[in-house]
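The structure appears right after this line, and notes come after that.
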Amino acid sequence: MQATDVRAGKDETAPVVKPKGLGPVGWLRWGWRQLTSMRTALILLFLVALGSIPGGLLPQRGQAPEQVAAYISGHGWLGSVMDRLSLFDVFAAPWFAAIYILLFVSLAGCVIPRILKHGQNVRARPPAAPRNLGRLPQSETYETDATPDQSLERAHELLKGRRFRVDAHQGSVAAEKGHFGETGNLIFHLALLVLLFSVGSGAAFGYKGNVLVTEGGAFSNTLTNYDAFKPGREFSADELAPFTIDLDRFHASYITSGKNLGQPTSFYAKIRYKDGSGPQKPYDLQVNHPLSVGGTKVYLLGHGYAPTFTVKDGKGQIAFQGSAPFLPMEEKTFTSEGVIKVPDAQPSQLGFYGIFFPSAAPDQAGKTISAFPAALNPRVSIVPFKGNLGLDSGVPQSVYRLEGLGKTLFPVGKAQGLQVGQTLTLPAGAGSITFTGYKEWVSLALNHDPGRVPALAAAVIAIFGIVTSFLIRRRRVWVRASAAEGGRTVVEVGGLALGNATAEFDDIVSDLRQRIPALPEPGSESPGIEPTGSDSTGSESGSESISGAGTAGDQNEE
């Protein structure tokens, strides 16, 4: 026979059942709960803010590709590592997109169930009164000669007049208000979701681009005219709005004395723009005052100098005539560098590397520097090259750099400084270059973001929602009326609030005492009865002692 433990009621020979693990479904549920918790949402929000810091401190390819290239070349291996980590293109980096999507999913999974639950709470009846109202944070008890039904009816009218949601229970009245506080909180989180969605959709269906325009030049909003163009995943070049921008003149003012010598005081670009087939309109493009045209914002990012040259080849023919934009080497004096490429020169192609000094002056060592950012004494230092520029190789080249130095392109003579109107003649009849003056250029950033307006509206609504959630607190009040001895009625009032709502509860009790007058305290003087003799004295002293005790008790309860 098999032995059994009768007392325990358990068969000792029965197989032991091991507990099962969570399983795939259980782990998915656990992961979803962790992802949709408010703690995870806050962590992801912090990571988004942390990941955005490099985008504000480091140059980004979408706004300043030339500065990114200069930063990488100037920081060696560190710049290469930072580039691999997408720190120069933060908002398009895979790791930033992953954090962004997880934050969106976390907020959605956290907010949507709360909305459903809040809808149920708003429609639900106020909860019935607790058994012991005296244990609530705010409570008051007194007696009246009104009947229980009369007391409850007057309490119902009072709370209804104070815009409480009121519900009558057996022997009590329950009232509740302040649901708009939670509503504001949910509106804030919903607006945050809309904000994230708007930013994401704007990046997907919009585009960013950069273009450099020289004085007297123009820009037409076509793909081939962009120096840098970064479309969203869902954007097509066919969707570019047809508009043009003409740069008439750029004006800049600088401080001319003191410790802030050379700092800009103002600069703006006088432009003319035309939206589609509409009329051409003038506009002063300034920093923080972008132009809105064709659903695109046009921002003034930077400016610089574009020296003008006339280049003749070895046959005496003009092979190049115009301006070449030079990039600032430093912002304080706008000393700039650039190149001039002359692929049509004969018998060999020509290239020139130049440094432009807006206000040329010698330093203590006799070396030419620029003493001021404005072009007070323009001078350019030119180094000529000849050979093959490599433009026919099919490999894209930067317009700000000469390729093939020392391989297919070789120097011709030494560097020479030129004033406006001076000419540098190249040896061996290779040609000449004349410095004819200068123009100024502006760098424009164009941003088409269809999610910008929804994002702005969501931000305003989010502020409204969070302010509402701070100002409104949920409050509950219960009034119970029960019959006592001698035809009296005991009125109990209890309050429960998120936050400090003592003043409102005191006002409710005060108004309730006016509508439902309280009976005199036991031992106090009754109207129309005059105490006599020692009984009068005893009654007065007893009344004072009881009243004092009652006051102390009320204070302790409050």
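The values are calculated or read from the model by the stated rules, or taken from the named source; none is laboratory data. Being a predicted model, the structure only gives us computed values, none of them experimental. All Cβ positions, glycine included, derive from the backbone under ideal geometry; neighbour counts span all protein chains shown. Remember, those area values only see protein heavy atoms, side chains included, never the ligands or the DNA or RNA. Shrake-Rupley method; radii C 1.70, N 1.55, O 1.52, S 1.80 Å.
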Inset, instruction - Count, please, the residues in segment 51-86 that happen to be open to solvent by less than 90 Å² (accessible area, probe 1.4 Å) and outside any loop (DSSP other than H, G, I, E, B). - result: 21
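Using the structure shown, decide if Thr224 is touching a helix residue (DSSP H, G or I) at 6+ places or on another chain (Cβ under 8 Å), surrounded by fewer than 19 Cβ atoms within 10 Å (Cβ to Cβ), modelled with pLDDT of 90 or more and not aromatic (Phe, Trp, Tyr).
Numbers: touching a helix residue (DSSP H, G or I) at 6+ places or on another chain (Cβ under 8 Å): no; surrounded by fewer than 19 Cβ atoms within 10 Å (Cβ to Cβ): yes; modelled with pLDDT of 90 or more: yes; not aromatic (Phe, Trp, Tyr): yes.
No.
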Inset, instruction - May I ask you to list the residues in segment 333-357 that are touching a residue at least 40 places away in the same chain (Cβ under 8 Å), surrounded by fewer than 22 Cβ atoms within 10 Å (Cβ to Cβ) and part of a loop (DSSP other than H, G, I, E, B)? - result: Thr333, Pro343, Ser348
Legend entry - Members of segment 300-315 that are in contact (Cβ under 8 Å) with a residue 60 or more places away in the chain and either more than 35 Å from the chain's Cα centre (by Cα) or over 30 Å from Lys208 (Cα atoms) (or both): Ala306, Pro307, Thr308, Phe309, Thr310, Val311, Lys312, Asp313, Gly314
Inset, instruction - Taking Glu330 as meeting all but one of (1) in a strand (DSSP E or B); (2) open to solvent by 50 Å² or more (accessible area, probe 1.4 Å); (3) without any contact (Cβ under 8 Å) to a residue 24 or more places away in the chain, write down the number of the exception. - result: (1)
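Filter segment 404-427 down to residues that are in contact with a helix residue (DSSP H, G or I) (Cβ under 7 Å, 6 or more places away or on another chain) and under 25 Å from Ala361 (Cα atoms), then give me how many there are. Give the steps one after another, and end with the answer.
So in segment 404-427, the residues in contact with a helix residue (DSSP H, G or I) (Cβ under 7 Å, 6 or more places away or on another chain) come out as 412-413.
From what is left, the residues that are under 25 Å from Ala361 (Cα atoms) are 413.
Qualifying residue count, segment 404-427: 1.
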Legend entry - Hits in segment 244-271 - residues which are open to solvent by 60 Å² or more (accessible area, probe 1.4 Å), within 32 Å of the chain's Cα centre (by Cα) and either of a type in the set (S, T, N, Q) or farther than 25 Å from Lys332 by Cα (or both): Gln263, Thr265
Legend entry - Residues that are in a helix (DSSP H, G or I), among the aliphatic types (A, V, I, L, M) and in contact with a strand residue (DSSP E or B) (Cβ under 7 Å, 6 or more places away or on another chain), drawn from segment 143-163: Leu152, Ala155, Leu159
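Quick grid of which residues meet (1) of a type in the set (Ser, Thr, Tyr); (2) in contact with a Pro (Cβ under 8 Å, 6 or more places away or on another chain); (3) loosely packed, with under 14 Cβ neighbours inside 10 Å:
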{"position": "Val420", "(1), (2), (3)": "no, yes, no"}
{"position": "Leu426", "(1), (2), (3)": "no, yes, no"}
{"position": "Tyr438", "(1), (2), (3)": "yes, yes, no"}
{"position": "Gly451", "(1), (2), (3)": "no, no, no"}
{"position": "Pro454", "(1), (2), (3)": "no, no, no"}
{"position": "Ile466", "(1), (2), (3)": "no, no, no"}
Inset, instruction - Give me a count of the residues in segment 212-241 that are of a type in the set (A, V, I, L, M) and either without any contact (Cβ under 8 Å) to a residue 12 or more places away in the chain or part of a helix (DSSP H, G or I) (or both). - result: 2
Inset, instruction - Could you pull out the residue among Ala462, Ala481 that is outside any strand (DSSP E or B), of a type in the set (A, V, I, L, M) and open to solvent by less than 40 Å² (accessible area, probe 1.4 Å)? - result: Ala462
Inset, instruction - Count, please, the residues in segment 250-288 that happen to be of a type outside the set (Gly, Ala, Ser), within 17 Å of Leu300 (Cα to Cα) and without any contact (Cβ under 8 Å) to a residue 60 or more places away in the chain. - result: 14
